[in-house]
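To start, the structure under review is shown below, and the notes come after it.
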Amino acid sequence: MSDAGYDHATVERRWQEAWDEADVYRTPDDVEDPTYVLGMYPYPSGKLHMGHVRNYTITDAYARFRRMQGDDVLHPMGWDAFGLPAENAAKERDTNPRDWTFDCIETMTDQMESMGFGYDWDREITTCTPDYYQWNQWLFSRFYEEDLVERRDAEVNWCPHCETVLADEQVEGEAELCWRCDTPVEQRELEQWFLRITEYADDLLEAIDDLEGWPNSVRQMQRNWIGRQYGAEVDFEVSEAPRASSGRGEGSEPREYGPVTAFTTRIDTIHGATFFALAPDHPISEELAEEDEEIRRFIEEEADPDGDEPNGVETGLTATNPATGEEIPVYVADFVLSDVGTGALMAVPAHDERDHAFAEKNGIEIRPVVAPDPDDGEEPTVPDVEDEAFTEDGVLIDSGEYSGLESESARERLTADIEGAAEATQYQLRDWGISRQRYWGTPIPVVHCDDCGPVMVPEADLPVELPEFINTTGNPLDAAEEWKQTTCPDCGGEATRETDTMDTFVDSSWYFLRYVSPDLEDAPFDLERANDWMPVDQYVGGIEHAVMHLLYSRFFTKVLADHEGLDHREPFTNLLAQGMVQLEGEKMSKSKGNVVSPQRIVEEYGADTARLFMMQAAQPERDFDWSEEGVQSTYAFLERLQGMVEEYAAETPDGDDDAIASYVDAEIDATVAIATAEYDDLTFNKALRETQDLVRTLRQYVDYTEPHAETYERGLSAVVRLLAPVAPHIAEELHETLGDDGFVAEAEWPTAEIDRDRVEKRRQLVENTREDIRDIVEVAGIEDPTGIEVVVAPDWKYDALEIAIESDADNLIGELMSESHIREQGDAAADYGQDLQVEREALSMTLGPDEEHAALESAAWLIEREFDAPVDVVHAVDADEGTLANAEPGRPAIEIDD
Ligand SMILES: [Zn+2]
Ligand SMILES: [Zn+2]
């Protein structure tokens, strides 16, 4: 790039070394309650991509802002280092996951340093080291002691390509594809270790209400994921229908299957239940499939729980409706899920859309038993449910003694009255299966003994370290014969180790606690310090973690609060989910070949340009398009700024402290006030727009006149500090050029005397006034103005405006006229009162007359420059009456001579 003034490579390297040397980003153990700023740690894939750069620039900029505001800051980084890609990469490259992972970490560390991210590297954690993963094992044992671990046979999602079990959350979309490789997922039955997150379902759900610093979208996704529903469980007697007993000799009794429990949220519709449905893997379905070819074929071949239409097969069984005694047909249906509710349901086609679709397809009766609430005193009208179910609550009809009841009270009564019915709560949330049949993860610390069963490895024997990598298509630890053989901790007999490893989401469920005391040898974290330093004040990462990582982290935090003395029940106070960096409206991806490499950008333009471009392009939550022109103009901006600072440093100007200087001074205050508020909200794009506007003002100032040195330097220094969180290297360089001591990274944040509201009013006033002058010049066709007079409104109009805003009287004019100093104005007061009356709803308070005068006077030079004519800002008392009539608060009168 340009070799003119801005040698970004040299500048950036120089300051990275200087920060490192001075330990600028180190957080000593003894600081009290630092501001904890954290980006979601990356998977060490070997390459930092634009998503990482955006994520970590956001945290870095915020951490730097807080540090300059005087906070102690904790801003650590680490590696989510276990996981399948390392294993696959190792196979491809004929190496092992450990070497591959550490190579990647080294590369990415360099890339992060070249971006200027200010991390406390002394706190770095790497989850694939025994130092770290022993605590996964320790936590697993603690969870086990608290009865939060369970081993059970389970139908699991199995990816045949990755040869591993997947959590529900790792199965994507309607087509049920593996989240890593997009292979269709299959079902398998395996003994699995589960963490009993469902024990915390209510706690996790209810606490969401208090997570006010989280985006609503993420809170809602967690609520839906937990999916609590209140309803009732109700028993239906299921038996073979007498007419269906063919095939087994004459006179044999119909077979009884006993009561089958169904869960429903709408027991008020039970009189309209016209069929009963079982999940394909319900024990009765499985039993029937053994004898009945049609049912077997349906279960094995046709059933598709994610299909658009509900499918099913008749069983020849009947279920007795406990409310009516009626026998209704039983189907095996694919829309009934065994892991939701009870795997059986009463179907009410008139009041449920899916049941309706199924009934239409299979010619089952659709019987309405709830009608819309009628108007007072009128009879309910039977809803038309032929084409569509009526799914809302209403009034019961055709429901025997319950007819006429509102749905809600009917639910209470029916639940109480029906034998075998009881209130029940159902959740979508499942226990968290953490068993993975892979090598590159934390070994589950269990030993299997023929006599004692599964036994926890005692704490003294932790960590259970991984053996050397075995390249196999099956479960690698199962193939590690020597490693597998051990002795039982309980009886001393021969035993084998558990060969599953943990889901890597275990690692990330508590890593934010490890940063507090990364080298601690006798506990996962220093409790006292964690109590002081936690929770994370600002967490930043991708929306794809809205459910898994963010829910598991909350779960671990709650368990640690209940059982390990942690004082915090939530890990992250504020959460920001950053948007995507796109190229021409599309997500960057290797497969589409539309990837912009951060490394190239850093080499060509420097890290500061990349960071500044990204942060000014859009609000952090929004997606935005990468633009090479945007990058170039950002680079040019930094280069110009450097030129301005160098010119100033080379020769101090000698201008007067005049009205222009006071305007510039006010603009500096204004910029600082607004930018600070925007930084505080993490709306960096707005803060940076203000900062760039100030640079433009300073440029105009120096172009227009010889600047007042102190004011001009104050402006440059403010700009440098306001840019420092986002463009830290060049900010250090310019800070030094301005002769300021120490690092800008540790300098004080600039302060302003003025608040944001007044700033905005001043600016609006000046902007409106300039606009009005342009209009007049244009409309009157003035080619060469010789003088411009700007007249501020008289004091009484400001009083009248204030009265109009505060008054709620119908007769505003009357109220105004009761003030003698307004009444004295006669017709003028009546006219202005009329205007106020008309715009009453939209009125807002302006600055006072003196402040408006001052604001306009300090901006007069801008107007003079634009119209090339002298400007006179006049108080009302010095103006002639004709002009004065047009002056209003916030809108001075204007006279132009030509
Ligand atoms: Zn897969
Ligand atoms: Zn034993």
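The values are calculated or read from the model by the stated rules, or taken from the named source; none is laboratory data. Nothing here was measured: the structure is a model prediction, and the numbers come from that model. In this analysis, Cβ positions are derived from the backbone assuming ideal geometry, glycine residues included, and neighbour counts consider all displayed protein chains. The accessibility values were calculated without ligands, DNA or RNA, using every heavy atom of the protein model including side chains. Shrake-Rupley method; radii C 1.70, N 1.55, O 1.52, S 1.80 Å.
Miscellaneous remarks
- Most tightly packed first, judged by the mean number of other beta-carbon atoms within 10 Å of their residues, the peptides 326-335, 222-231, 586-595 read 326-335, 222-231, 586-595.
- Computed in the context of the full set of protein chains, the accessible area of segment 698-757 at 1.4 Å probe radius has 38% of its extent on carbon or sulfur.
- In the full protein context, segment 325-453 carries 47 Å² of accessible surface per residue, based on a 1.4 Å probe and ignoring ligands, DNA and RNA.
- Per residue, the convex hull volume that the Cα atoms of segment 279-368 enclose (Å³): 103
- Applying the Karplus relation 6.51 cos²θ - 1.76 cosθ + 1.60 with θ = phi - 60° to segment 637-647 yields 3J(HN,Hα) values of 4, 5, 5, 5, 4, 4, x, 4, 5, 5, 4 Hz, where x marks Gly and Pro.
- Most to least packed among 648-656, 49-57 [average Cβ atoms within 10 Å]: 49-57, 648-656
- Rounded to whole numbers, the Karplus 3J(HN,Hα) couplings from phi for segment 111-120 are 5, 5, 5, 5, 7, x, 5, x, 9, 8 Hz, using 6.51 cos²θ - 1.76 cosθ + 1.60 with θ = phi - 60°, and x at Gly and Pro.
- Amide H to amide H, with H built 1.01 Å from N, Leu566 comes under 5 Å of Ala561, counting only residues 5 or more places away or on other chains.
- Computed from Cα atoms alone, the Kirkwood hydrodynamic radius reported for the chain is 33.5 Å.
- Cross-link partners of Lys590 among lysines, defined as those whose alpha carbon lies under 22 angstrom from its own and excluding same-chain residues fewer than eight positions apart: Lys47, Lys91.
- Over 18 Å [Cα-Cα, segment 384-430], rounded percent: 47
- Taken along its three principal axes, the alpha carbon spread of segment 816-898 comes to 44, 26, 21 Å, from the longest extent down to the shortest.
- Take Val11: with every protein chain present and a 1.4 Å probe, its accessible area is about 10 Å².
- With the convex hull of its Cα atoms as the shape, segment 581-730 has an orientation-averaged projected area of 9.5 nm².
- Derived scalar couplings ³J(HN,Hα) [segment 864-877; Karplus, 6.51 cos²θ - 1.76 cosθ + 1.60; whole Hz; x for Gly, Pro]: 4, 5, 5, 9, 6, 8, x, 10, 10, 9, 10, 6, 4, 5
- Sequence-distant contacts, meaning Cα pairs under 8 Å at least 6 residues apart, place the relative contact order of the chain at 12 percent.
- 5 angstrom amide H check on Asp526, placed H, neighbours 5+ away: Ser517
- Spread of Cα-to-Cα distances over 10 Å intervals beginning at zero, given as percent, for segment 396-454: 16, 23, 16, 12, 15, 16, 3
- Where labels lie 7 Å past Cα in the beta-carbon direction, separation of Glu423 and Ser597 in nm: 6.3
- Mean-position separation - Cα centroids, segment 470-497 and segment 164-196, in angstrom: 25
- Counting only protein chain heavy atoms and rolling a 1.4 Å probe, the accessible areas of Ile776, Ile896 rank, largest first, as Ile776, Ile896.
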